[in-house]
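Derivation of every value follows stated rules applied to the coordinates shown; laboratory data play no part. Keep in mind it's a predicted model, so treat the numbers as computed, not measured. Glycine gets a Cβ as well: all are built from the backbone with ideal geometry, and neighbour counts include every protein chain shown.
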Amino acid sequence: MPELTPLMCVKDLDIRFAGSSSSAVRGISFTVGRGEIVALVGESGSGKSATALALTGLLPGDAQVGGEARFDGTPLLPGNAAQRNAFRGRRVGMVFQDPAAALDPVFTIGWQLDETLRRHHPALDRKGRRDRAISLLEAVGIPEPADRLRRFPNQMSGGQLQRVVIALALAGEPDLLIADEPTTALDVTVQQGLLDLLWRLNRDRGMAILLITHDMGVVADLAQRVLVMRHGVIVETGDVREIFQAPRAAYTRALLAALPGRAGSATAQADISAPVLTVDGLRIAYSSGFGRRNEVVHGVSFDIHAGEFVGLVGESGSGKSTIGSCLLGLIASTAGRITFDGKDLGRRAPGDVAALRPQIGAVFQNPMGSLNPRLTIAESIAEPLRTHRRLDALALRRKVDRLIGNVQLPKGWRDRLPAELSGGQRQRVAIARALALDPLLLISDEPTSALDVSVQAEILDLLRQLQQETRFACLFISHDLAVVRQLCQRVVVLRAGVVVEADRTSRVLDAPQEPYTRNLVASAPLPDPQRQAEKRAVRLGLRREVFA
Amino acid sequence: MLRHLLRRVLIAIPVLFGISLVVYLLVNLQPGDPFVGMVGPETTPAEKAELLRRYGYDDPLVVQYLRWLTRALAGDLGYSLQQGRPVTALIGERLGNTGLLAGAALVLTLVVALPLGLFVGLRRNGGVDLAVSVLSFVLVSVPAFFLSMLLIKVFAVDLRLLPTAGVTTIGADYHGFAHLRDVALHLVLPASVLALGNIAVLNRYLRASVSELVDQDFIRALFGRGIPRRRVIAPHLLRNAARPLITIVSLEIPALLSSALLTETIFNWPGIGRLSFEAVQGRDYPLLMGIVLFLAVVTLACNLLADVLYALVDPRVRLAP
């Protein structure tokens, strides 16, 4: 392979936000070659997104940017805004994390494509722009492109919207595409299609890609070279296979070790007794106005024993969170039977159901949203105890301190506010609160999805450890199969409100029977570049030699 | 789209009935005798009772309400007890003046608040933003009557630039352009008083929604695609900021009509506001009910208009099931 002349050259890039005493990015240097896919990896707060925004001049005006950046020989940084503006879209395209937020909701897809094409191809007339827009949508794999031009963003799915965002980025035919977490907001099955698309764009058009992600599976799938970033510094650079096989920096090793799937699988035994929770033929419908009802869960059945983690997996919209909310009593069911601790929840007076409520704990995805920002963590944890137990001040204090200790937070932190804690620490507080009343059942809805991988591993360990002590049953709602494999003894696969498969985790994930499950399992990217390349070759029907 | 509108209209009808019922009951259950002024001092109580019976005032309230409602639906709001003329005619006479005043205030509000709100929203925490914020809070806090008097003192008494009362100069016989100029000069002070408070409020709302929008991904994405700044502001920023704007303005129009009371009184402007004040003072129930019902209709019409405009600017409203 001939030596690639760098397309983008970054030297000593330094970014400091207004009001912050230290730099978010501290003097990093790297290059992106022509036609190269470089992954910028790191956890939240490592400065990877700030780097992308600085290169395109999209940082807020009060951020200070130092250092140099050259694109194809022309200086981008330091440079004037007009110069950077001429680069944007035409030489460098941007793709953002949340496609639903990256498109103007009040204009059609066609209008937005036309606007961008008019900017970059002034010579094209209206008809020419329309033709070009259709061919762009075709290129990113949107079916019936002519029809889609008339659609508004809210009429399309997340995966399709991200394809539209990529089409918009392609309108100016850029040499470099900066993709900031392009698949994080999407389901695994959808993610795979988008990664294939990016891979094709790189292969067919020779477009370089700077891929910003926290997901090592995505890195393994797409990247040729990897930059590992931490606390604003690049700690390791190398070829993707080197990084995965022989990581040098301690941080890279920690990052890889923390990946679920590498940390073994669930082994704990469930108690062989009557199940804590039995759900039988559960149906749930939402009211859609004027007396119409829209059923989203169509007769779901499963059970959970004490000391057991049962995974409830499925894509977004499959109804998994709805079931969780129903079990918590936040949504009413329309049919079916829920038996909890031997009592039929549906056949009891509301007062009796309220008496059972303390027996069910809940942990949600975003701890910042589920903790009252004005209460100290001790007050948050004490709240369920104050409501349901009559404890004197001393006993309450002791109990809260024990709970704080159980989730491995320092005792001295009882008077801290959620804002003073990191995401993982907040989730520990949420878990302590959920377990304050020693519940029989814990419902945890994507409790690790908002957390970085290393923190995610800690939280999973904590949950497992706590369960060994108190033997609660846990319904673990997740879209992340690797996490489910690590934690859950059994798994229930949900699709469009119907259970498609339910069995022991190892059986379902290693030998899926249903096509849907098989697709779900195959879609999850493995943190192994070789295997990902092989999977893609099989999927796209490519010849093996390409990867030899 | 059509279904959306139809639904809004269908909702408006029962609301209007509800308002008419509440208004009727409120006005009729008030203590006090409105007929003191109607009959001469020499009328005996027996004669008065006979009069009331003849005009249907002894009938059950429901019957009275239904009678009033059927007439109101036909456009007959009854006669003013004080002036003895049809309520519709009285409202009609004053409507032009109030419409002129409210319209001028609205135009002034929009002309000043829109560019200003956009500007400070785009340059948050700058010098202009700070100055406008302080001024806005001052304007919102100062009562309209005080502001009126201040403006009268400065512009009419001290500087002698503007007239202080009425629609036209009394005794002058202007025609054509001179008449228009005379009315315009009379309009300046009351319209400014009405507009200033609204400018302050609208400016705050627009600043908030613009500064929120600027941080949105899609605006950043537009810049990222190389779309020039002015093309990002119009149409993207403006159209997205339009919805809250429509809400505020549609609420402001009926508020301008009814809250003009103080301003109309101070500037001696013969509009709906002063008419309603007179109606309350004279216990002129039919007139009062007519005015309240009229304002309710205007409010509903503005809401309906806002719904139409929402659907025009935002496809999410238009396409909602």
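Calculated [222 nm] ellipticity per residue, helices only, for the protein assembly as shown: -16000 deg cm²/dmol; basis is -39500 (n - 2.57) per DSSP H run with n ≥ 4, divided by all residues, nearest 500.
Taking every alpha-carbon pair under 8 Å whose residues sit at least 6 apart, segment B:2-318 reaches a relative contact order of 27 percent.
With a 10 Å cut-off around each Cβ of B:234-243, the average count of Cβ atoms from other chains is 2.
The angle between the Cα long axis of helix A:109-120 and the longest principal axis of the Cα atoms of chain A comes to about 30 degrees, rounded to the nearest 10.
Relative to the longest principal axis of the Cα atoms of chain A, helix A:453-470 runs at roughly 10 degrees. Here the spin labels are modelled as points 7 Å beyond Cα on the Cα-Cβ line, and at B:Leu238 and B:Ala178 they lie 4.1 nm apart. Backbone phi angles across segment A:218-235, fed through the Karplus curve with coefficients 6.51, -1.76 and 1.60 (θ = phi - 60°), yield HN-Hα couplings of 5, 4, 4, 6, 10, 6, 9, 10, 10, 10, 9, 10, 8, 6, x, 10, 7, 8 Hz in residue order; Gly and Pro are listed as x.
Taking amide H atoms as placed 1.01 Å from N in the peptide plane, the amide H of B:Leu77 lies under 5 Å from those of B:Val87, B:Thr88, each 5 or more residues away in sequence or on another chain. Using the Cβ-Cβ distance between A:Arg390 and B:Asp58 with R0 set to 60 Å, the FRET efficiency from 1/(1 + (r/R0)^6) comes to roughly 0.40.
Neighbours of B:Arg231 by Cβ distance under 14 Å: Lys/Arg scored +1, Asp/Glu scored -1, total +4. Taking the longest Cα principal axis of chain B as reference, the axis of helix B:61-73 is set at about 60 degrees.
Amide H contacts of A:Phe472: A:Gly307, each under 5 Å away and 5 or more positions distant or on a separate chain (H built 1.01 Å from N in the peptide plane; Pro and chain starts excluded). Averaged over the residues of B:305-317, the number of partner chain Cβ atoms lying within 10 Å of the residue Cβ comes to 2. In the frame of its principal axes, segment A:277-526 has Cα extents of 54, 47, 35 Å, reported largest first.
Counting Cβ atoms of other protein chains within 10 Å of each Cβ in A:93-102 and taking the mean gives 4. Between B:Leu73 and A:His121, the modelled label-to-label distance comes to 6.1 nm, taking each label 7 Å out from Cα in the direction of the beta carbon. Using the Cβ-Cβ distance between B:Val9 and B:Ile170 with R0 set to 56 Å, the FRET efficiency works out to roughly 0.80. Here the Karplus curve 6.51 cos²θ - 1.76 cosθ + 1.60, taken at θ = phi - 60°, turns the phi angles of segment A:147-162 into couplings of 6, 5, 4, 7, 7, 9, x, 6, 9, 10, 6, x, x, 5, 4, 5 Hz, with x standing for Gly and Pro. Taking the average, over residues, of other Cβ atoms within 10 Å as the packing measure, peptides A:209-215, A:419-425 rank A:209-215, A:419-425 from highest down. Within the same chain, lysines fewer than 8 places from A:Lys535 are excluded, and of the rest, those with a Cα less than 30 Å from its Cα are A:Lys48, A:Lys320. Give me the lysines in straight-line cross-link reach of A:Lys411: C-alpha distance below 30 Å, same-chain residues under 8 apart excluded. In chain and number order, the partners are A:Lys399. For the pair B:Asn28 and B:Asn268 in one chain, pulling the backbone fully straight at 0.36 nm per residue adds 83.5 nm over the alpha carbon distance.
In order along segment A:375-380, the phi-based Karplus estimate (6.51 cos²θ - 1.76 cosθ + 1.60, θ = phi - 60°) of 3J(HN,Hα) comes to 9, 5, 5, 5, 5, 4 Hz; Gly and Pro are listed as x.
All other residues with a Cβ under 12 Å from the Cβ of A:Leu186 taken together, and with Lys, Arg as +1 and Asp, Glu as -1, what is their net charge? Don't skip to the answer; put the middle values down first.
On the way: positive: A:Arg163; negative: A:Asp98, A:Glu181, A:Asp187, A:Asp215, A:Glu315.
In short, -4.
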